[in-house]
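A quick write-up on the structure given underneath.
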Amino acid sequence: MTLLTLLPKFFIVAFSKKLLLGFLLYAVLVPVAFSIDIIVNTSVPIQRNSLNKTRAIFAQQLNYWSNGEKTRVFIFKDDHPLHKQFTKNKLNMFPHQLRRVWDRMVFSGTGQAPDLVETEEEMLEKIANTKNAIGYLTKGSGYENIRLFEYE
Amino acid sequence: MKIYGYLNMSRWGLLFCALLISINGQAELLPEEIQIHGFLTQDFFHSSDNNVNGLSDDGISPGRTEIGLNISYQAFDRLTFSAQGLYRRAGYVDKGSVRLDYGLADLNLFNYQNGHIGIRGGRIKIPFGLYNETRDVAFTNPTILLPQGVYFDRSRSLFTSADGGSLYVQHRTDWGDFSFKFNYGLALGNNEEIMATILSPDAKGEFKANPAIATQIMYDLNGGEYVFAVSYLDLKLKYHSADNEVFSSGYTTIRPLLFSAQYNGEKLGLAAEYLYRWNHSKNYDAIPDNRSITESWFIQGSYRFISQLQGIVRYETLSLTIDDRSGNYAVAFGLPKHIAYSKDWMLGLRWDITSSLMMRTEYHRIHGTAWLAQADNQDRSKTRENWNLYALQVSYRF
């Protein structure tokens, strides 16, 4: 919508209603094209997941999969564009909220922080080769040993 | 000399600092079960009157240094060991010491669909309000000085950590998450500030703490967007009087009840806490047995202009004894009336230069002297009722 308001008036008038609708649709669909996938190593048991549970996994509040094995969480740095997108779009949170929870644990001896990765390649490599691993990528399908993680 | 107070850090501080830097450089070589984190904070204070963390009055005091280094080792899936060493110096209250801040074993006992139960044993941080468990970690605090009415710095040793055990429960529901902690342990009881606060700066004996109960229930919604908590502590201090002193071996109980609420939005943050504390002193002879209630609350708002820059404003008020909000009793004891209360307006700016380097500054306009440390202000008759305080902080973490 902000882009639309930037367009000069005459420009909008010149377009037919159909084109305008097309443009609006495009504006809505673009963010979806950049959506982020949550991925897990194939060793992770298939379980029913909710948004709440997914948040708890990444916040390191829920540390065990349904088979009782310990989760291994991988993330990018707080100011990484992918991390910002992920917390906002996938967890419905903000990076500083996750940081608050992790810091409270790390500096009071009540928990550990997730493992940091620098690049998407490193994320792929870690998730593919680490048992019980979970992380996120721009496109997570089509890799060996990696499965998409879904929640309702 | 007066202007800079004492800058010389003890050997321990330097050693700790060097260790921190060298370990940070090798963090990547560690096995995955081990995590190491740390922080280093230096604060500077300047005040128009009254001293805060050293000689800040009409000078600049580099009066507070905090260096922490922690290790966490996941020995088994359900068993974790962790410990943190803390070097701290704060004005004349703490001239520099290294202490084991926490050192514990954490055993996850039971997991179910929506939560878990576990126990911890060893030296454990005391859960109290929004900030106490990580009160020495600048990055986790909203401001350089925490609201002093709730998080007294001068009697902090009673509140930092205790040796004992803890039971914790976490339960998730579709309408928010609950967490509960019940700690039982021996807190550090003795220091001159506590003696000065409870008895008199002239007391010569020693306080010892009995095992204390610390418990907290916390409710949070939307992954911590809204947080509500109630914390309660039951602490008893026994006094062992020295020979030839006016005070006999009495005891004091301190029972603070604290209500907390917090909102963490994308840009806007809000926090408020209300403290109601029952105090009871008995059998000291030289001072009459007394019961009193301390009350304090604050309300705080912050705004993130951009993700690295945050502004914060807070109002805080403290009455040491609600029966004597204007300080008449204090005058009867020969103390200035403003020792009974404080009201503090605070304005601050925080700049996160990188995710591991932070700098901030704050200004306080304060009415009253209730939370001033005795060690920094030996002669109370020289303290002023209305004063300004400026603080600057640089902090690094990894």
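Kindly evaluate A:K84 against the criterion of being surrounded by fewer than 22 Cβ atoms within 10 Å (Cβ to Cβ) and either over 29 Å from B:Y219 (Cβ atoms) or of a type in the set (D, E) (or both).
no
Identify the single condition in (1) closer than 24 Å to B:L318 by Cα; (2) part of a strand (DSSP E or B) that B:Y219 does not satisfy, given that it satisfies every other one.
(1)
Does any residue in the stretch B:151-172 that is acidic (D, E) come within less than 6 Å, Cβ to Cβ, of a residue that is surrounded by fewer than 20 Cβ atoms within 10 Å (Cβ to Cβ) six or more places away or on a different chain, and which pairs are these?
Hits for this filter: B:D163/B:L186.
Might you check whether a residue that is assigned to a loop (DSSP other than H, G, I, E, B), under 30 Å from B:F152 (Cβ atoms) and modelled with pLDDT under 95 occurs anywhere in the stretch B:23-32? Break it down stepwise before answering.
Our first condition is that a residue be assigned to a loop (DSSP other than H, G, I, E, B); within the stretch B:23-32, this holds for B:26, B:30-32.
Among the residues that remain, those that are also under 30 Å from B:F152 (Cβ atoms) are: none.
Among the residues of the stretch B:23-32, not one is assigned to a loop (DSSP other than H, G, I, E, B), under 30 Å from B:F152 (Cβ atoms) and modelled with pLDDT under 95, which makes the answer no.
Can you tell me which residues in the stretch B:336-366 are hydroxyl-bearing (S, T, Y) and at pLDDT 95 or above? Can you show your working first?
In the first step, residues of the stretch B:336-366 are kept if they are hydroxyl-bearing (S, T, Y); the result is B:341-342, B:354-356, B:361, B:363.
Result: B:Y341, B:S342, B:T361, B:Y363.
Does B:L167 fit the bill of being more than 11 Å from every other protein chain (Cβ to nearest Cβ) and either within 18 Å of the chain's Cα centre (by Cα) or surrounded by fewer than 20 Cβ atoms within 10 Å (Cβ to Cβ) (or both)? Show your work before the answer.
On the way: more than 11 Å from every other protein chain (Cβ to nearest Cβ): yes; either within 18 Å of the chain's Cα centre (by Cα) or surrounded by fewer than 20 Cβ atoms within 10 Å (Cβ to Cβ) (or both): yes.
So B:L167 passes the test.
When you go through B:S355, B:S395 one by one, which is the residue that is without any contact (Cβ under 8 Å) to a residue 40 or more places away in the chain and more than 17 Å from B:Y151 (Cβ to Cβ)? Outline the logic, then answer.
Numbers: B:S395 fails: without any contact (Cβ under 8 Å) to a residue 40 or more places away in the chain.
Of B:S355, B:S395, the one residue that is without any contact (Cβ under 8 Å) to a residue 40 or more places away in the chain and more than 17 Å from B:Y151 (Cβ to Cβ) is B:S355.
Take the residues in the stretch B:98-124 that are more than 16 Å from the chain's Cα centre (by Cα) and within 30 Å of B:V52 (Cβ to Cβ), then tell me which one is nearest to the other protein chains (Cβ to nearest Cβ). Can you show your working first?
Taking the stretch B:98-124 first, the residues more than 16 Å from the chain's Cα centre (by Cα) are B:98, B:103-123.
Within this subset, residues satisfying the condition of being within 30 Å of B:V52 (Cβ to Cβ) are B:98, B:123.
Numbers: B:V98: 17, B:R123: 9 Å.
Among residues in the stretch B:98-124 that are more than 16 Å from the chain's Cα centre (by Cα) and within 30 Å of B:V52 (Cβ to Cβ), the one nearest to the other protein chains (Cβ to nearest Cβ) is B:R123.
Looking at the stretch A:113-132, which of the residues that are part of a loop (DSSP other than H, G, I, E, B) and not charged (D, E, K, R) is farthest from A:F58 (Cα to Cα)? Lay out the reasoning, then the answer.
Filtering the stretch A:113-132 down to residues part of a loop (DSSP other than H, G, I, E, B) leaves A:113-114, A:117-119, A:130-132.
Then keep just the ones that are not charged (D, E, K, R); that gives A:113-114, A:117, A:119, A:130, A:132.
Details: A:A113: 9, A:P114: 8, A:V117: 14, A:T119: 18, A:T130: 16, A:N132: 13 Å.
That would be A:T119.
Can you tell me which residue within the stretch B:63-78, out of those that are among the charged types (D, E, K, R) and at the interface with chain A (Cβ under 9 Å from one of its Cβ atoms), is farthest from the chain's Cα centre (by Cα)?
In the first step, residues of the stretch B:63-78 are kept if they are among the charged types (D, E, K, R); the result is B:64, B:66, B:77-78.
Of the ones still in play, those that are also at the interface with chain A (Cβ under 9 Å from one of its Cβ atoms) are B:77-78.
Numbers: B:D77: 32, B:R78: 30 Å.
That would be B:D77.
Determine which single condition B:E295 fails, assuming it passes every other condition in (1) within 14 Å of another protein chain (Cβ to nearest Cβ); (2) in contact (Cβ under 8 Å) with a residue 24 or more places away in the chain; (3) out of contact with any His (no Cβ under 8 Å at 6 or more places or on another chain).
That leaves (1) as the condition not met.
Confirm whether B:S342 is outside any loop (DSSP other than H, G, I, E, B), within 16 Å of B:G149 (Cβ to Cβ) and touching a residue at least 24 places away in the same chain (Cβ under 8 Å). Before you say what the answer is, go through the steps one by one.
Numbers: outside any loop (DSSP other than H, G, I, E, B): yes; within 16 Å of B:G149 (Cβ to Cβ): yes; touching a residue at least 24 places away in the same chain (Cβ under 8 Å): yes.
Yes: the conditions hold for B:S342.
Within the stretch B:180-191, take every residue that is in a strand (DSSP E or B) and either touching a residue at least 40 places away in the same chain (Cβ under 8 Å) or crowded, with 19+ Cβ neighbours inside 10 Å (or both) and give me the one that is farthest from the other protein chains (Cβ to nearest Cβ). I'd like the intermediate steps shown before the answer.
If we filter the stretch B:180-191 for residues that are in a strand (DSSP E or B), which is where we start, we get B:180-187.
With the extra rule that they be either touching a residue at least 40 places away in the same chain (Cβ under 8 Å) or crowded, with 19+ Cβ neighbours inside 10 Å (or both), the set shrinks to B:181, B:183, B:185, B:187.
Working: B:K181: 9, B:N183: 11, B:G185: 14, B:A187: 15 Å.
Per the stated criteria, the residue is B:A187.
Pull up the stretch A:48-71, narrow it to residues that are in a helix (DSSP H, G or I) and not hydrophobic (A, V, I, L, M, F, W, C), then point me to the one that is farthest from the other protein chains (Cβ to nearest Cβ).
At the first step, the residues of the stretch A:48-71 found to be in a helix (DSSP H, G or I) are A:51-58.
Now drop any that are not not hydrophobic (A, V, I, L, M, F, W, C), which leaves A:52-55.
Numbers: A:N52: 6, A:K53: 7, A:T54: 10, A:R55: 4 Å.
In this case the residue turns out to be A:T54.
When the stretch B:112-125 is examined, which residues are found to be surrounded by fewer than 18 Cβ atoms within 10 Å (Cβ to Cβ) and touching a Gly at 6+ places or on another chain (Cβ under 7 Å)? So that I can check it myself, show each step before the final result.
Keep residues of the stretch B:112-125 that are surrounded by fewer than 18 Cβ atoms within 10 Å (Cβ to Cβ), which gives B:112-114, B:117, B:119, B:121.
B:I119, B:G121, listed by residue number.
Among the residues of the stretch A:96-116 satisfying the criterion of being within 7 Å of chain B (Cβ to nearest Cβ), of a type in the set (G, A, S) and more than 20 Å from the chain's Cα centre (by Cα), which is farthest from B:K267 (Cα to Cα)?
Filtering the stretch A:96-116 for residues that are within 7 Å of chain B (Cβ to nearest Cβ), of a type in the set (G, A, S) and more than 20 Å from the chain's Cα centre (by Cα), the one farthest from B:K267 (Cα to Cα) comes out as A:G109.
The values are calculated or read from the model by the stated rules, or taken from the named source; none is laboratory data. This structure is a prediction, so every number in the text was calculated from the model and none was measured. All Cβ positions, glycine included, derive from the backbone under ideal geometry; neighbour counts span all protein chains shown.
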